[in-house]
Amino acid sequence: MSAPDVDSSDDSEDTVRVWLVERTYSDDEQNIVILVYATPDGSRYLRKERALTSFGDVRDTTAAVNARPGSVGRVDDADTREAYAAEATRMREKHDPDDLI
């Protein structure tokens, strides 16, 4: 089953491919992993939060996902956009979209 913001089908006109650019742990809540995916130009991003329910809770994180256009936000800050663009481009050059990260 796919998340409502992600389309598990192949890249199409109805989705935006975004690449993993950041993985952090929430400071506010325990056991929350925050994944940020962005377009190669850094202008759009998708933020996903995962609650880890136990030490054995293993979920695959792929190098890229196909997001529904309504689920991606705009990156307004120029420095953030530049950082996201650099990391998304690096990930795209180094990994296939389905590579586990």
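R0 = 25 Å: FRET efficiency of R90 with D14, Cβ-based, nearest 0.05? Intermediate values should be presented prior to the final figure.
Values: r = 26 Å, r/R0 = 1.06.
Approximately 0.40, to the nearest 0.05.
Placing R59, R74 in order of accessible area, with the largest value first and a 1.4 Å probe, yields R74, R59. Normalised per residue, the accessible area of region 54-101 is 67 Å², obtained with a 1.4 Å probe and no contribution from ligands, DNA or RNA. Expressed in Å, the radius of gyration and Dmax of the Cα atoms of region 14-101 are 13.1, 39. Per-residue surface analysis assigns E82 an accessible area of about 130 Å², computed on protein heavy atoms at 1.4 Å probe radius.
Quick one: pull the percent of accessible area on region 21-101 belonging to carbon and sulfur, 1.4 Å probe, ligands and nucleic acids left out.
Numbers: 2260 of 5250 Å².
Roughly 43 percent, rounded to a whole number.
The values are calculated or read from the model by the stated rules, or taken from the named source; none is laboratory data. Computed from a predicted model, the values in this text were never measured in an experiment. No Cβ is skipped: glycine too gets one built from the backbone with ideal geometry, and neighbour counts run over all protein chains shown. Just the protein is used for accessible areas: all its heavy atoms, side chains included, with ligands, DNA and RNA removed. Shrake-Rupley method; radii C 1.70, N 1.55, O 1.52, S 1.80 Å.
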